[in-house]
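S.K.: Have a look at this one before I ask anything.
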Amino acid sequence: MVSTASPRHAVVIEDDADIRGLLVLVLEQLDFVVTEAPDGLSGVEAVRNTNAELVTLDINLPDIDGMEVCRRLREFSDAYIMMLTARADEIDRLTGLDTGADDYINKPFSPKELQARIRALFRRARTPAEDTRQTDELARAAVVQTSLLPQETVRLNDYDVAGAFRPSRSVGGDFYDWYQTSDGMHLTFADAMGKGMGAALIAATVRAVMRSVADTPAIADAFGSASATLTSDLDQSGSFVTMFHARLDSASGRLSYVDAGHGLGLHVPAEGAARRLVSAGPPVGIMDGQQWPAAELQLEPGDSLVIVSDGVLDAHESLEEFVRNVEKAARSGGTSEDVCAALLELAPADTAEDDVTAVVVHRRRGVHPTLDAGLERNHSGVA
């Protein structure tokens, strides 16, 4: 059935071409028809011509500033105005809101936070029928999202592997997947941009494609092949995916990985400070022909690999605080399942706006590597 709902229009007023492109992508994910404006005067005309329902407005523009744009828009438009700026002090914030803006977000901003704030603005005006349709879609998306989680338990000698997932009210594209191999395991942790059924279906596609390259020997080649396959689908949907993909050789503890725009994996050693595993490139779907180099780390007995979603990061005031609290949770004792539960508690359910997901791979202490390798050979067929 073809939807009869009228499209919503948005205008992005931003002089930085890269930020403007990202904003367009974020708004298209929310089903807006988007018009771009590189300066204030053309932005005012674009709002007038499209009768836009939403405006994202930079304050520092090359002709007139965002405050003046906001004043002019309020002379004829009741569109929601979301101001974006690097000027974060309270006077600017209050001036923007007093001028007629509906909300205010600082650069650099989280695309997911921006989407959540925009949804909150439009939630005021939804009809009961729209609420029902959205509820039905979210219920279907939740079923898809839950089905992506691995059904099998990883049973590797001297490793404790667990994952946990708590969906938000809006259902996003978080998922994790793992499966056992003859020499260890493969693990994928990903987040598809967007919400609802669209994000859930993209996540399902990503999972299937990543599993299809399992037999490619080199992890960088496997990831490159998978990303090339995904690019056309992501381009058509205007989406992108952050991803952490790893392969563990359980006998040696060697873990090879590729991080595409995720950046929320930590190596927590038995001794010494935790180390964040930084991204090797942008998310999949941002740039054509992108390649991501592989990296390696050694999981010694007592070490853990911890990966979380940005729902955990968003619950912290700074990256330093995030790393500190994740490391503390990883060292809290108990099983990997217990650690996953502690990680989810870092983003309480009553305040989290996004899905919260965690995976922990812990190598237990007290086993000699040679004995460990022999045990692996003896149990190589266990599922």
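S.K.: Can you name the condition, by its number, that Ser77 falls short on among (1) crowded, with 18+ Cβ neighbours inside 10 Å; (2) of a type in the set (S, T, N, Q); (3) within 32 Å of the chain's Cα centre (by Cα)?
M.R.: (3)
S.K.: Assuming Thr231 fulfils every condition listed in (1) among the β-branched types (Val, Ile, Thr); (2) at pLDDT below 90; (3) under 19 Å from Pro150 (Cβ atoms); (4) out of contact with any Leu (no Cβ under 9 Å at 6 or more places or on another chain) apart from one, which condition is it?
M.R.: That leaves (3) as the condition not met.
S.K.: Further question on the same structure: What are the pairs with Cβ atoms under 9 angstrom where one residue, in region 16-42, is basic (Lys, Arg) and the other, located anywhere, is open to solvent by 40 Å² or more (accessible area, probe 1.4 Å)? Sequence gap at least six, or different chains.
M.R.: These pairs meet every condition: Arg20/Glu36; Arg20/Pro38.
S.K.: Quick test for you: out of Met185, Met193, Met197, pick the one residue that is in contact (Cβ under 8 Å) with a residue 60 or more places away in the chain, farther than 14 Å from Leu149 by Cβ and within 14 Å of the chain's Cα centre (by Cα).
M.R.: Sole residue among the options that is in contact (Cβ under 8 Å) with a residue 60 or more places away in the chain, farther than 14 Å from Leu149 by Cβ and within 14 Å of the chain's Cα centre (by Cα): Met193.
S.K.: With the requirement that a residue be part of a loop (DSSP other than H, G, I, E, B) and buried (at least 16 other Cβ atoms within 10 Å of the Cβ), what does region 16-64 give you?
M.R.: Correct list: Leu30, Pro38, Asp39, Ala52, Glu53, Ile59, Leu61.
S.K.: Quick check on my filter: what residues within region 323-361 are more than 19 Å from Asp191 (Cα to Cα), open to solvent by less than 50 Å² (accessible area, probe 1.4 Å) and not hydrophobic (A, V, I, L, M, F, W, C)?
M.R.: Across region 323-361, the qualifying residues are Asn325, Glu327, Gly333, Ser336.
S.K.: For region 282-308, enumerate the residues that are buried (at least 16 other Cβ atoms within 10 Å of the Cβ) and in a loop (DSSP other than H, G, I, E, B).
M.R.: Once the filter is applied, which keeps residues that are buried (at least 16 other Cβ atoms within 10 Å of the Cβ) and in a loop (DSSP other than H, G, I, E, B), region 282-308 yields Pro283, Gly285, Ile286, Gln290, Trp292, Ala294, Leu299, Pro301, Asp303.
S.K.: Is it the case that Val34 is farther than 18 Å from Arg117 by Cβ and in contact with a helix residue (DSSP H, G or I) (Cβ under 9 Å, 6 or more places away or on another chain)?
M.R.: It is false that Val34 is farther than 18 Å from Arg117 by Cβ and in contact with a helix residue (DSSP H, G or I) (Cβ under 9 Å, 6 or more places away or on another chain).
S.K.: Working carefully through the options Gly302, Gly263, find the one that is among the small types (Gly, Ala, Ser), touching a Ser or Thr at 6+ places or on another chain (Cβ under 8 Å) and either under 16 Å from Lys112 (Cβ atoms) or modelled with pLDDT of 95 or more (or both).
M.R.: Gly263
S.K.: Looking at the structure I just gave you, is Thr229 in contact with a helix residue (DSSP H, G or I) (Cβ under 6 Å, 6 or more places away or on another chain), of a type outside the set (D, E, K, R) and in a loop (DSSP other than H, G, I, E, B)?
M.R.: Taking the combined requirement at face value, the residue does not satisfy it.
S.K.: Okay, next question. Which condition number in (1) of a type in the set (A, V, I, L, M); (2) surrounded by fewer than 23 Cβ atoms within 10 Å (Cβ to Cβ); (3) more than 25 Å from Leu27 (Cα to Cα) is the one that Ala246 fails?
M.R.: (2)
S.K.: Sticking with this one: Kindly list the number of the only condition in (1) out of contact with any Cys (no Cβ under 7 Å at 6 or more places or on another chain); (2) open to solvent by less than 50 Å² (accessible area, probe 1.4 Å); (3) under 25 Å from Val241 (Cβ atoms) that fails for Asp314.
M.R.: (2)
S.K.: Taking region 249-281, which residues are under 13 Å from Leu297 (Cβ atoms), open to solvent by less than 40 Å² (accessible area, probe 1.4 Å) and of a type in the set (Ser, Thr, Tyr)?
M.R.: Ser256, Tyr257
The values are calculated or read from the model by the stated rules, or taken from the named source; none is laboratory data. None of these values were measured; they are calculated from a predicted model. Please note: Cβ atoms are built from the backbone with ideal geometry, for glycine as well, and neighbour counts cover all protein chains shown. We work out accessible area using only protein heavy atoms, side chains counted, and drop any ligands, DNA or RNA first. Shrake-Rupley method; radii C 1.70, N 1.55, O 1.52, S 1.80 Å.
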